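Student: Below is a structure I'd like to ask you about.
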Amino acid sequence: MARDRFAPDFDPDCGDTPLTSARHDIVIGRWQGLRDLLRATGPDWSARGHRVRLLAQACAENSTVETWLAAEPHSADAQVLRAATEAARAFNLAIAAGRGVPIDQQRVDAAVLACLRAVEASPQDPTPWISLISVARLYPSGVRRQELARWWDELHQRDPYSVEGHLQVLHYYSSRWHGTHGLMYDFARDAAGAAPPGCALPVLVQYARVEEYRYALDAAKGRQAAVGLGQHWNHDGAVSDVRRTWQRWIPARADGPIEPGELRDFNYLAHAACLAGAEDVAAALLRMLGRRATRTPWSYTGDPRQQILKWRKELELRV
């Protein structure tokens with residue numbers, strides 16, 4: 001009976017209660033909660049990146065961050081959040097326009113300028129560089145290779161093992177944007193190989209596999225059967241990648257609960273392990289996750305809740 005009562009918790013803030021409180025403030029236009037949260041976060045770059053990314057998505061729908069900047073024009077945190085918010089707004093426009101339809105370049109330029117202002121305001125912070133690299137995707141032809149390399153070097157100097165920073169470069173190099181499957185996988189594998197034991201960067205290979213799948217799904221116009229779902233996820237290379245990511249990351253990871261900023265990474269590896277048929281890895285990860293879940297990447301292969309329940313049921317029968 002206990003199994004029947006299990007329900008995944010898709011908390012959009014990934015269990016980050018202070019973030020949830022600050023996002024409620026955004027709804028009522030109160031900016032002080034944002035200031036207090038980012039001040040308390042300090043230079044914990046992983047937590048800061050997670051919080052800024054989700055705050056920006058909420059701020060994109062209103063003027064709370066502009067109100068904060070008007071009240072505290074010299075606040076570095078406000079500049080960093082404004083940059084991420086401008087990036088989120090530009091992506092919202094791109095989503096509304098539809099795949100392959102360029103948006104007004106002035107909007108992209110404005111987001112880039114906001115990022116550069118944030119870089120000046122908070123020179124040690126890697127977060128504005130992450131926003132900058134993400135916005136680069138929205139130029140129809142991308143940006144010059146030397147420019148992207150310079151932005152990447154700046155980010156890498158500040159936070160060499162940033163999963164979110166690496167992820168933005170991976171997206172840029174993907175076939176859906178300005179690269180190829182090969183370039184994307186090479187970048188992911190190089191980053192995984194350079195990561196110290198216990199670092200989450202090896203999971204970039206699983207992010208790359210999802211990117212490749214989404215590209216194939218777009219080409220097949222949404223018909224999953226035309227993509228060859230099983231072959232994509234459970235061929236020998238995919239299974240080896242799952243086990244390699246587990247070995248490089250999880251056993252050497254610092255003890256402790258899964259942090260909000262790494263919850264999505266855990267879900268990407270759990271999703272890959274389930275679909276690859278790596279039952280021991282999948283079962284271990286799902287136990288570690290408990291009820292905590294993120295909608296992506298499960299949403300790319302079906303209903304997230306139904307898939308997690310299905311895999312938990314199947315794995316519990318066998319473990």
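Student: Test of understanding: express the Cα radius of gyration of the chain as a ratio to 2.2 N^0.38 Å, with N the residue count.
Tutor: Working: Rg = 19.7 Å, N = 319, 2.2 N^0.38 = 19.7 Å.
For the chain, the normalised Cα radius of gyration is 1.00.
Student: If you roll a 1.4 Å probe over the heavy atoms of the protein chains, what accessible area per residue do you get for the chain, in Å²?
Tutor: 47
Student: Counting only helical runs of four or more DSSP H residues, what would the 222 nm mean residue ellipticity of the chain come to if each run contributes -39,500 (n - 2.57) and the total is spread over all its residues?
Tutor: Rounded to the nearest 500, the figure is -21000 deg cm²/dmol.
Student: Checking the a/c ratio against 1.5 first, then a/b against b/c, what shape does the Cα gyration tensor give for region 226-278?
Tutor: Oblate is the answer for region 226-278, as a/c is 1.5 or above yet b/c matches or exceeds a/b.
Student: Same structure again: Along the Cα→Cβ direction, 7 angstrom out, place labels at residue 109 and residue 194. What is the inter-label distance in nm?
Tutor: About 3.3 nm separates the two model spin labels.
Student: Okay, moving on. Could you order peptides 200-209, 300-309 by the average number of other Cβ atoms within 10 Å of their residues, highest first? Mind showing how you got there, number by number?
Tutor: Values: 200-209: 25.4, 300-309: 16.1.
Those peptides, ordered most packed to least, come out 200-209, 300-309.
Student: Specify whether the C-alpha gyration tensor of region 1-104 places it in the rounded, prolate or oblate class, a ≥ b ≥ c being the square roots of the eigenvalues: rounded for a/c under 1.5, otherwise prolate if a/b is larger than b/c and oblate if not.
Tutor: On the way: a/c = 2.12, a/b = 1.21, b/c = 1.76.
Oblate shape, in that a/c is at least 1.5 and b/c is the bigger or equal ratio.
Student: Mind giving me the nanometre distance, one decimal, between the label points for residue 20 and residue 243, set 7 Å out from Cα along Cα→Cβ?
Tutor: It is 3.9 nm.
Student: Which order, highest average first, do 81-88, 54-61, 189-196, 250-257 follow once you tally other Cβ atoms within 10 Å for each residue and take the mean per peptide?
Tutor: In descending order of packing, they fall as 81-88, 54-61, 189-196, 250-257.
Student: Still on this structure, please answer the following. Take the Cβ-Cβ distance between residue 235 and residue 183 as r, set R0 to 35 Å, and report the resulting FRET efficiency rounded to the nearest 0.05.
Tutor: 0.95
Student: OK, next. How large is Rg over Rh for region 77-229, taking Rg from the Cα atoms and Rh as the Kirkwood inverse mean of 1/r across Cα pairs?
Tutor: Rg divided by Rh gives 0.98.
Student: Please list the helices of the chain that count as membrane-span-like by this rule: a mean Kyte-Doolittle hydropathy of at least -1.0 together with Cα atoms stretching 18 Å or more along the helix axis, each helix being a complete DSSP H run. Intermediate values should be presented prior to the final figure.
Tutor: Numbers: long enough: 45-59 (20 Å, -0.17); 76-97 (32 Å, 0.61); 105-121 (24 Å, 0.51); 145-158 (20 Å, -1.90); 181-194 (20 Å, -0.08); 204-219 (23 Å, -0.34); 236-249 (20 Å, -1.25); 263-276 (20 Å, 0.56); 304-318 (21 Å, -1.46).
Answer set is 45-59, 76-97, 105-121, 181-194, 204-219, 263-276.
Student: Sort 174-184, 93-103, 128-138 for me by packing, meaning the mean count of neighbouring Cβ atoms within 10 Å per residue, highest on top.
Tutor: 128-138, 174-184, 93-103
Student: Please report, for the Cα atoms of region 11-50, the Rg to one decimal and the Dmax as a whole number; what are they, in angstrom?
Tutor: 10.0, 27
The values are calculated or read from the model by the stated rules, or taken from the named source; none is laboratory data. Quick caveat, the model's predicted, so the values are computed rather than measured. Heads up, the Cβs are rebuilt from the backbone with ideal geometry, glycines too, and the neighbour counts pull from every protein chain shown. When the accessible area is computed, the model is the full protein with side chains, heavy atoms only, and any ligands, DNA or RNA have been set aside. Shrake-Rupley method; radii C 1.70, N 1.55, O 1.52, S 1.80 Å.
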